[in-house]
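Chemist: Starting off with a structure, shown below.
Every number in this text was worked out from the coordinates using simple rules, so none of it is lab data. These figures come from a predicted structure and were not determined experimentally. Quick reminder, even Gly has a Cβ in these numbers, built from the backbone with ideal geometry, and neighbours come from all protein chains shown.
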Amino acid sequence: MPEGPEIRRAADAVEQALGGHLTTAVWFGLTPLKRFEPILTGVEVRAVETRGKALLTRFANGLTIYSHNQLYGRWYILPAGDSLETGRQLRLAIRNEAASALLYSASEIQVLSEPELAAHPFLKRLGPDLLAPDTTPGLLLERLQSKTFRGRQLGSLLTDQSFVAGLGNYLRCEILFSAGMAPSLRPRECAREALDLLAREMLRLPRQSYETGGITNDPVRARQMLAAGARFEQARFQVFRRAGLPCYRCGRPVLNVKRGGQPCYLCPGCQGG
C-alpha cells in the first residue's frame, strides 16, 4: 500500500496538472458518484492536499473528492487527449485543456461537502500527519508518553493511523531500525533518550522518503549502490525486504518476523531481536 510520502508525491503531480485550472470533464467509474460529474465539470480545482494516506482534491464550488488508494490504487498524469493502455480499472478521471489526472484501481472515492469532510470517520480519527510542517518531535514525544499509546507495542502502534498519519509497513520497519528499537518494545519501557530518538526518526525518514522518491536507506549509500548497478528496490531500504541479507551496520542477517499481521523486518543485533 502506498504510504504517506507516495501519496504526497502523487498529490503534487495531480496539483501541478490540475491546480488553478477549470475542468473540462470529470468522470467517475463508480455508479453512485455519476451524479457529481456535471456538478464538478467546468469548475476550478483549487488545491490538492493529503492527510496521511488520503488525498483530497478541492474544487472552487466547495466540494472535495476524497480518495484513498488502498493497496492497488494509482494516479497517472497524461497530456490532454492521450490515453493509457493498462490492465487496471479506471475509477476517476479529471481533465482540463492541458492534462488528465487518472486514478486507477482505487475503490474508496467519495465526493464530500465541507461539513461532510469535517465529519468523515477516517479523517476525524487521524493522528498528526508526519509530513505536515507543524508536526514536531515534541508533539510525537507527547503522544508516545500519553496514557493512550504508551502501553502499545511499537510494531503495531506506528501503523495505527490514530497515533500518527501516513506510516505503513516499510516506514515502520525503517524507523524502528534507525532508532535501534525492537517492534515488541512499548514506549513505557523505553528511556526518554530512546523516545526522543524515535520521535526524530518518525519525522526524518518519511520526509526523506518524500524528498527522494522512496529512499529510506542512507542517501550516500543508496547513490553508491545505484551507481554500481543496483536496482532501485535493492538500494532504497535499510532492512525492509532484506531478510537474510547482512545488516549494513553490524553484518548480522536481517530477520522477517510477524508484527501486527504484517511482515516486520529487523536486525537482531541492532534492535535486540
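Chemist: If you take every residue apart from His21 with its C-beta less than 14 Å away from the C-beta of His21, what net charge results, scoring Lys and Arg +1 and Asp and Glu -1? Please list the in-between numbers first.
Modeler: On the way: positive: Arg46, Arg58, Arg95; negative: Glu15, Glu44, Glu97.
Value of the local net charge: 0.
Chemist: Let me ask another. At R0 = 25 Å, how high is the FRET efficiency between Glu37 and Leu71 if r is their beta carbon distance? Nearest 0.05 is fine.
Modeler: On the way: r = 26 Å, r/R0 = 1.06.
After rounding, the FRET efficiency stands at 0.40.
Chemist: Against the longest alpha carbon principal axis of the chain, how many degrees, from 0 to 90 and to the nearest 10, is the axis of helix 4-18 turned?
Modeler: 20 degrees
Chemist: With a Förster radius of 25 Å, plug the Cβ-Cβ distance of Arg186 and Glu211 into 1/(1 + (r/R0)^6) and report the FRET value to the nearest 0.05. Write down the numbers at each step before the final one.
Modeler: Values: r = 31 Å, r/R0 = 1.24.
It comes to 0.20.
Chemist: All other residues with a Cβ under 14 Å from the Cβ of Arg95 taken together, and with Lys, Arg as +1 and Asp, Glu as -1, what is their net charge? Don't skip to the end; give the middle numbers.
Modeler: Numbers: positive: none; negative: Glu37, Glu44, Asp82, Glu97.
So the environment of Arg95 carries a net charge of -4.
Chemist: Does a label point 7 Å from the Cα of Arg223, set along Cα-to-beta-carbon, have any residues of segment 242-268 with amide nitrogen under 17 Å, and which are they?
Modeler: Flagged as within label range: none.
Chemist: Here's a follow-up. What is the angle, in °, between the Cα long axis of helix 192-212 and the longest principal axis of the Cα atoms in the chain? Nearest 10 is fine, range 0 to 90.
Modeler: Here the helix axis deviates by roughly 40 degrees.
Chemist: At 222 nm, what helix-only mean residue ellipticity would the chain give, in deg cm²/dmol to the nearest 500, using -39500 (n - 2.57) for each DSSP H run of four or more? Write down the numbers at each step before the final one.
Modeler: On the way: 11 runs with 89 residues, N = 273.
That calculation yields -9000 deg cm²/dmol at 222 nm.
Chemist: Then there's this: May I ask for log10 I(q)/I(0) of the chain at q = 0.14 Å⁻¹, from a Debye sum over the Cα atoms as equal point scatterers with solvent left out?
Modeler: Debye output, listed in q order: -1.01.
Chemist: Among the lysines, select those whose C-alpha is under 17 Å from the C-alpha of Lys124, and discard any that sit fewer than 8 residues away in the same chain.
Modeler: Correct list for Lys124: Lys53.
Chemist: Specify the inter-centroid distance of segment 226-273 and segment 1-70, based on alpha-carbon positions, in whole Å.
Modeler: 35 Å
Chemist: Near Glu108, within a Cβ-to-Cβ distance under 12 Å, what is the net charge of the other residues, with Lys and Arg +1 and Asp and Glu -1?
Modeler: Details: positive: Lys53, Arg91; negative: none.
Charge balance near Glu108 sits at +2.
Chemist: Let me check against my output: what whole-number percent is the relative contact order of the chain, with C-alpha pairs under 8 Å and at least 6 apart?
Modeler: Values: 524 pairs, mean separation 43.4, N = 273.
It comes to 16 percent, rounded to a whole number.
Chemist: In what sequence, highest mean first, do 113-122, 46-55, 136-145 appear when ranked by Cβ atoms within 10 angstrom?
Modeler: On the way: 113-122: 12.5, 46-55: 21.3, 136-145: 16.8.
Order by mean packing, descending: 46-55, 136-145, 113-122.
Chemist: When the chain is fully extended, how far beyond the present Cα-Cα distance does Ala132 get from Ala98, taking 0.36 nm per residue of separation?
Modeler: On the way: separation 34, 0.36 × 34 = 12.24 nm, distance 2.97 nm.
Computed gain between Ala132 and Ala98 is 9.3 nm.
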